[in-house]
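Structure, as structure tokens:
The values are calculated or read from the model by the stated rules, or taken from the named source; none is laboratory data. Computed from a prediction, not measured in an experiment: that's the story for all the values here. Quick reminder, even Gly has a Cβ in these numbers, built from the backbone with ideal geometry, and neighbours come from all protein chains shown.
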Amino acid sequence: MERVELDIRYENSHFTILCKNSPTDAPASYVQYLHTHRLSELHGIISGQGILHTNNGQHLLKPGDCLLIGPFVPHYFSLDPGSTLVRLEAYIRADGSDPADLYSSIINRSDVRIWSLDDAAFSYFRQAVEELSACRAGYLEAASAYLTLLLTELLRQNNSYLSSSDQKESKSTLEFQIAAQIDVFFSENYNQPVTIDDLSEYLNVSSRQAQRLVYRYCGTTFRQKIIFIRMEFAKRYLEETKLPIAQISELIGYEYPSSFCKAFYKQLGLTPDSYRRQVHESINA
């Protein structure tokens, strides 16, 4: 799958949507661990059913649903037995502005917003997916146009929703700054032997408070978050390079390859070699 960038202009805002050029087909056995993103995350459910898990509870997903997950909101997806969840995932940023501002403009900083669209509204999403998958001449411009129509529909429905219900309390700018600091710390130090004390010093808070902040914004403990990020980088190395396992182990912060292999298997249920082989076989197929 190819990663593409789409330029979206809505009124006076300029968005960039980063997405793959075909939907993600997740089998029923697929379960992700809690994770966060710096950017707003947009999903459209094309077929199948699943559950979105966040710190605030569970949300049933079905075909025709569009959902927007805010920056730094811990979440993961699980599926109904025997189901396959087909979705297009995209990451939205507002060029030249804070990602929190974009999220605020669309859903007023509620952690997660889900729209159940009718066939006419969801057709914009389907047509965008079709254009991205087919890669015909002008497909980027066409996909951008369809997603602009989709965002317009979401904003209209959101304004209607806000006028008929109490608006949730906005997160403060300080909260987003703390979440961003935590995200930067993990991104820059995942391959170092850091501890919660290092994070507490970085944030200038106590170790106990640092641990609470990690759980609040990441949904995991400090150690779980480090392991999760290491595994994400490991998967990228396994998918995109031919580096030996021992070298990948060293690059992501493990002193011994055996420790890396054990952690990788515990997280994904596959050895690193098996994961690399599975990815390559899928690409060749």
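Could you check segment 165-180 and list, in sequence order, the residues that are surrounded by fewer than 16 Cβ atoms within 10 Å (Cβ to Cβ) and either modelled with pLDDT of 90 or more or part of a helix (DSSP H, G or I) (or both)?
The answer is 173, 174, 177.
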Discussion item. Given the condition under 17 Å from the mean Cα position of the chain (by Cα), modelled with pLDDT of 75 or more and within 27 Å of residue 118 (Cβ to Cβ), answer yes or no: does some residue in segment 21-39 qualify?
Written reply: no
Worksheet item: Consider residue 192 against the criteria (1) assigned to a helix (DSSP H, G or I); (2) modelled with pLDDT of 80 or more; (3) loosely packed, with under 14 Cβ neighbours inside 10 Å: it satisfies all of them except one. Which criterion is unmet?
Response: (1)
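For segment 137-154, what are the residues that are charged (D, E, K, R) and crowded, with 16+ Cβ neighbours inside 10 Å?
Selection gives 153 alone.
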Response to the item:
Residues of segment 122-138 being in contact (Cβ under 8 Å) with a residue 40 or more places away in the chain and out of contact with any Leu (no Cβ under 6 Å at 6 or more places or on another chain), in sequence order, are 122, 126, 132, 133, 135
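Here's the yes/no breakdown for (1) surrounded by 12 or more Cβ atoms within 10 Å (Cβ to Cβ); (2) among the aromatic types (Phe, Trp, Tyr); (3) under 25 Å from the mean Cα position of the chain (by Cα):
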| residue | (1), (2), (3) |
| --- | --- |
| 243 | yes, no, no |
| 260 | yes, yes, yes |
| 276 | yes, no, yes |
| 280 | yes, no, yes |
Worksheet, complete the sentence: Residues of segment 60-72 being touching a residue at least 12 places away in the same chain (Cβ under 8 Å) and surrounded by fewer than 18 Cβ atoms within 10 Å (Cβ to Cβ), in sequence order, are 62, 63
